[in-house]
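If you scroll down you'll find the structure; I have some questions about it.
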Amino acid sequence: MSARSAAQRPGGIPPMPERNPKALREAIAAHAPQLLADFDRHWKRDIADAYDLARVPAFMALWWTEYALARDPGLDARVTDLEDRAAEAGDIAEARALLEQAAHLRREAGHSEPGQ
């Protein structure tokens, strides 16, 4: 991604990194440091000493989505608002609809590609 296209991103949202744990950790450290301790703790607990790397794709999918949300404060606030409203909803149908909206936004964020 060129410097010009990065500068044109709405609201100064940083681009997604290359899709590997090292690049993702660097992006989290630079743009969403509030996630770094949990990222490192999860990495050390589930991946760092593992002899079976089968868990890496699930780890990457989770943290890719978390970073995609955290790098965009507006989107992150929208998802949090939907989830909070669902928790307080008095009607199960309303809560379900709110959670479905939040899940849709999370899925969309998780489909972000490197450089987007």
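Given Cα positions, please report Rg to Rh for the range 72-116, the hydrodynamic radius being the Kirkwood one. Don't skip to the answer; put the middle values down first.
Numbers: Rg = 11.9 Å, Rh = 11.1 Å.
Using Cα coordinates only, the ratio equals 1.08.
Where does the charge balance sit around ASP40 when Lys and Arg score +1, Asp and Glu -1, over other residues with C-beta under 15 Å from its C-beta?
Local charge sum for ASP40: 0.
Whole number please: convex hull volume per residue of the Cα set in the range 31-86, in Å³? Intermediate values should be presented prior to the final figure.
Numbers: hull volume 5.0 nm³, N = 56.
Spelled out: Cα convex hull of the range 31-86, divided by residues, is 89 Å³.
For labels at ASP84 and ALA30 in the simple 7 Å Cα→Cβ model, what's the distance in nm?
Placing both labels 7 Å beyond Cα along the Cβ direction yields 3.0 nm.
About the Cα centre of the chain, how large is the charge dipole given +1 on each Lys and Arg Cβ and -1 on each Asp and Glu Cβ? Please answer in debye to the nearest 20. Each step should come with its number before you reach the end.
Values: 15 positive and 19 negative charges, 100 e Å.
Charge dipole, the chain, about its Cα centre: 480 debye, nearest 20.
Between LEU62 and ARG45, what is the spin-label point distance in nm, taking each point 7 Å from the Cα along the Cα→C-beta axis?
Between LEU62 and ARG45, the label points sit 0.7 nm apart.
Next question. What value in Å³ per residue do you get for the convex hull of the alpha-carbon atoms in the chain? Don't jump to the answer; show the numbers that get you there.
Numbers: hull volume 13.6 nm³, N = 116.
In the chain, the Cα hull volume divided by residue count equals 117 Å³.
Something else now. Would you mind computing, in nm to one decimal, how far apart the modelled labels at ARG107 and ILE13 are, each placed 7 Å from Cα along Cα→Cβ?
Distance between the two pseudo-spin positions: 1.8 nm.
Only the coordinates and a few stated rules stand behind these numbers; no lab work does. Predicted model, so just to flag it, every value in this text is computed and none were measured. Cβ atoms come from the backbone with ideal geometry, glycine included; neighbour counts cover every protein chain shown.
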